[in-house]
Every structure is written in structure tokens, then in C-alpha cells.
Amino acid sequence: MWPNLNGATVWFSPSYSAQTGLFYVAAREIGAEYFKLKAESKPGMLLAGGGEHTLPADDTWGALPAPRVAPGENAMGVQTPFPRVGGRSVNSGR
């Protein structure tokens, strides 16, 4: 399944630049295989009836898409060879 539970843009802070009108978002493309396990429900205990196996690192990558806020088109984007970790920050460059 693509992306896995930690993929796409789950935890990362986006940034908006009023100067460019772009909304910068960090994204992770990581896939996983999910599986089901036999589990017994017990009061007060976590019921984990399955899990995930992350796909090999060769199949993962990151991206920094930058959609234009209006009219909602994707203005630019950068693909990276590794999944992105952390938010993005933009400034005026001064």
C-alpha cells in the first residue's frame, strides 16, 4: 500500500510564502505490506490484530511539492532520493 501510515504528509509542518504564493509541503513516499494476525481481545489491553512490513528502502523517496494557493494548481515540486523528515520553513531571503 502506498503511502504507508508514516507516508504522504502526516506529521510535517508546511510553510506558506506570501512572496511566491506557494504552499510548501514535505512528503514521504514509503510503501508497506499490511498483514492480519490472530488476536484475542482482553479488557484493558491493546488489541493489535495485525501489523506492517515496510517495503525496501530502494522503493522509497521524498518530495517537496509546492502547490500554488490560488487557483490550486501544482506550481513546482522537487523529488528527493530519500523520504523527507521534518517540516519546511520559508523566509524572504533577506
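Applied to region 41-48, the Karplus parametrisation 6.51 cos²θ - 1.76 cosθ + 1.60 on θ = phi - 60° returns per-residue 3J(HN,Hα) values of 7, 10, x, x, 10, 5, 9, 10 Hz, with x for Gly and Pro.
For Leu47, the solvent-accessible surface computed with a 1.4 Å probe is close to 100 Å², ligands and nucleic acids excluded. In sequence order, region 17-34 has phi-based couplings of 10, 5, 5, 9, x, 9, 10, 8, 10, 7, 9, 10, 10, 9, x, 8, 9, 9 Hz under the Karplus curve 6.51 cos²θ - 1.76 cosθ + 1.60, θ = phi - 60°, and Gly or Pro positions carry x.
The values are calculated or read from the model by the stated rules, or taken from the named source; none is laboratory data. Source: prediction; values computed, not measured. When the accessible area is computed, the model is the full protein with side chains, heavy atoms only, and any ligands, DNA or RNA have been set aside. Shrake-Rupley method; radii C 1.70, N 1.55, O 1.52, S 1.80 Å.
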